[in-house]
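Comments concern the structure below.
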Amino acid sequence: MDSMKFIGCILSILIVLLCGCSSEKKSGAESSDSALFPAEMRKHMEFTDFVEHKKTGPVHVLCFDNNKDSKADTWEHWMLDREPPLQMAKVDKNFDGSVDTWIYFDPQRSCVQERDTNGDGQVDRWLYRDGKKGYDMDGNGKPDKFDYVKGSIAEQEAQKGRGEASSD
């Protein structure tokens, strides 16, 4: 029976990722989203899905259509029993139908963003919490060159902790 649940979970994720999300919004009566997500966020949601993952627990996948072409281009993965509840986002930044940016919100991860900038389906840019940026120069899927971004995420968090929030 556990293998059937696992197969069902995988199929649910594949359907969401491969088929895109419906542009039909669910009404408040049909969805429990009103209890889970603030009204301002629900206003922009195109579709939500609930997936029970065997290893991680319940995952709410919110889909957004940022360019209003009736195809999802951002998928947020929320785990309401975790801190922070928003665990990751997958984004199709160039609207070609393929995810090209992965953003991680877990403060324990050193890598906070991965990108496929040349459209080959393989990550070739990395942004780390300490401000380090990695570049795959030879196409092997591993960073070969590094540089640093001034005002790293870690530095910004430290400033906020000391009450020196940046002036955004």
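What the table shows:
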{"item": "Residue that is surrounded by the most Cβ atoms within 10 Å (Cβ to Cβ) [pool: residues in segment 123-141 that are touching an Asp or Glu at 6+ places or on another chain (Cβ under 6 Å) and touching a residue at least 12 places away in the same chain (Cβ under 8 Å)]", "result": "Asp124"}
{"item": "Leu62, sole failed condition from (1) surrounded by fewer than 18 Cβ atoms within 10 Å (Cβ to Cβ); (2) at negative phi", "result": "(1)"}
{"item": "Selected residue (criterion: farthest from Asp116 (Cα to Cα)) from residues of segment 59-100 that are part of a strand (DSSP E or B) and charged (D, E, K, R)", "result": "Glu76"}
{"item": "Number of positions in segment 104-117 that are at pLDDT below 95 and part of a loop (DSSP other than H, G, I, E, B)", "result": "6"}
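The values are calculated or read from the model by the stated rules, or taken from the named source; none is laboratory data. Remember, it's a predicted structure, so these values are computed and weren't measured experimentally. Note that each Cβ is placed from the backbone with ideal geometry, even for glycine, and that neighbours are counted across all protein chains shown.
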